[in-house]
Amino acid sequence: MTPKRRGQAPRQSDVARLAGVSQSAVSRVISGDVDAARIPPETRQRVLAAIKELGYVPNPSARNLRNKRNQLIGVHTFEAVFPHARDDFYFDFLLGIEVRAEETGFDLVLFTSTGAGDGRRRVYRDGTNRLNLADGSVLLGVSTDRAELARLWADGYPFVHIGRRDVPGAEIPCVIPDYRSATTGIVDKLAGHGHRRFAYLREPLEMEPYADRRDGYRDTVERLGLIDRSPGFRGESGLTDDWIDEIVRGGETAVVSESVRLAEHLLGGLTARGVRVPEDISVAVLEADGEGTSARWDSLEIPRVAIGRIAVDRLIDMLDNPDQPATSLLVPCPIVPGTTISAARQRRT
């Protein structure tokens, strides 16, 4: 017997676990649709017995929408990310979502009023999933609540997350910028220009997008037999004057920075020390370049509009095929040439 969680109503996923069946089988038994006829009588009895034992009460609104969509796609963020200007990081994601939803005949519902007074936005309030108004939802944002992702997944609610999010015990369906492959491509490009001694500039953030970049960088450095003895490669974050002095004194000819912010700081420090980019040191950035920067950085492009469109398509596919396991998708990030990479030169140290 599976014990009921204290203070929390049993969910369809609890019934499925107790009966030893899939959530789709539980859903069919509850809804009484024609597909239920294909479920063996003994399986149906196990489901009904589990429902009785747990005291599970189906959500009537969900049952009413089981076989009829309301043609609504939800968009939910875990922090205030809706843009105030066109250069906002999330603007193009939202633009892609909006355009593709319109093309496919769906309306959008923006879930922005689920705050709990602590600056965080939650899906569940008083045990209720507020996204249920929509057929399914696209989720995005940096401050993802993994417990809520796990609960949505266990409840069987259709959703897609923009950006990779790892949740123990759950297979979260994501549309993921392929930072790892893009990082590999940038290091390969630098190595193709003859660079062998590298340094890595690391942001003080521990999230999946940065882990993907770091894994791609480390794997490529090791595969090509390159040299990196920098603090960033050892796991230290940030950029100090001592770090810049060490690069100037050393034999490094290439720096890979996780952000434009750090690259700009590095450029200022190198210029002040009489070291030129890219003539003396080449620099590449593992994010999209922006306007108003000091250099046109060799960088990668995050195809945000395309990712927003793809997220809608993946969600609709989940709605059309509810019995198919939801999977994640990697989206290539093109490498954008700039003016901060050149052929490696012998440096005087």
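The values are calculated or read from the model by the stated rules, or taken from the named source; none is laboratory data. Just so it is clear, the structure is predicted and the values come from calculations on it, not from any experiment. Note that we place each Cβ from the backbone using ideal geometry, even for glycine, and neighbour counts take in every protein chain shown. These area figures cover heavy atoms from the full protein model, side chains too; ligands, DNA and RNA do not enter into them. Shrake-Rupley method; radii C 1.70, N 1.55, O 1.52, S 1.80 Å.
Looking at segment 20-48, which of its residues are over 33 Å from the mean Cα position of the chain (by Cα) and at pLDDT 80 or above? Give the derivation first.
Kept after step one, since they are over 33 Å from the mean Cα position of the chain (by Cα), are these residues of segment 20-48: 29-48.
Once the filter is applied, which keeps residues that are over 33 Å from the mean Cα position of the chain (by Cα) and at pLDDT 80 or above, segment 20-48 yields 40, 41, 42, 43, 44, 45, 46, 47, 48.
Among the residues of segment 44-56, those identified as within 16 Å of residue 22 (Cβ to Cβ) and either of a type in the set (Gly, Ala, Ser) or surrounded by 16 or more Cβ atoms within 10 Å (Cβ to Cβ) (or both) are 44, 46, 47, 50, 51, 56.
Would you mind stating whether residue 237 is open to solvent by 10 Å² or more (accessible area, probe 1.4 Å), of a type in the set (Gly, Ala, Ser) and within 27 Å of the chain's Cα centre (by Cα)? I'd like the intermediate steps shown before the answer.
On the way: open to solvent by 10 Å² or more (accessible area, probe 1.4 Å): yes; of a type in the set (Gly, Ala, Ser): yes; within 27 Å of the chain's Cα centre (by Cα): yes.
Answer is yes for this residue.
Here is the figure for segment 281-317: residues that are under 22 Å from residue 192 (Cα atoms), of a type outside the set (S, T, N, Q) and open to solvent by less than 40 Å² (accessible area, probe 1.4 Å) total 10. Restricting segment 186-206 to residues that are closer than 26 Å to residue 91 by Cβ and open to solvent by less than 60 Å² (accessible area, probe 1.4 Å), the residue that is modelled with the highest pLDDT is 186.
What are the pairs, 6+ residues apart or on separate chains, where a residue within segment 228-239 that is on the phi > 0 side of the Ramachandran plot has its Cβ under 9 Å from a residue that is modelled with pLDDT of 90 or more and surrounded by fewer than 13 Cβ atoms within 10 Å (Cβ to Cβ)? Taking only residues 6 or more apart or on different chains, the pairs are 238/204.
Please tell me if residue 218 is closer than 30 Å to residue 161 by Cα, among the charged types (D, E, K, R), without any contact (Cβ under 8 Å) to a residue 24 or more places away in the chain and part of a helix (DSSP H, G or I).
Details: closer than 30 Å to residue 161 by Cα: yes; among the charged types (D, E, K, R): yes; without any contact (Cβ under 8 Å) to a residue 24 or more places away in the chain: yes; part of a helix (DSSP H, G or I): yes.
Here the answer is yes, as residue 218 does meet what is asked.
Please verify whether residue 255 is more than 30 Å from residue 108 (Cα to Cα), open to solvent by less than 40 Å² (accessible area, probe 1.4 Å) and in contact with a helix residue (DSSP H, G or I) (Cβ under 7 Å, 6 or more places away or on another chain), treating the condition exactly as stated. Considered against the rule, which asks whether it is more than 30 Å from residue 108 (Cα to Cα), open to solvent by less than 40 Å² (accessible area, probe 1.4 Å) and in contact with a helix residue (DSSP H, G or I) (Cβ under 7 Å, 6 or more places away or on another chain), residue 255 comes out as yes.
Among the numbered conditions (1) under 22 Å from residue 95 (Cβ atoms); (2) in a loop (DSSP other than H, G, I, E, B), the only one that residue 294 does not meet is (1).
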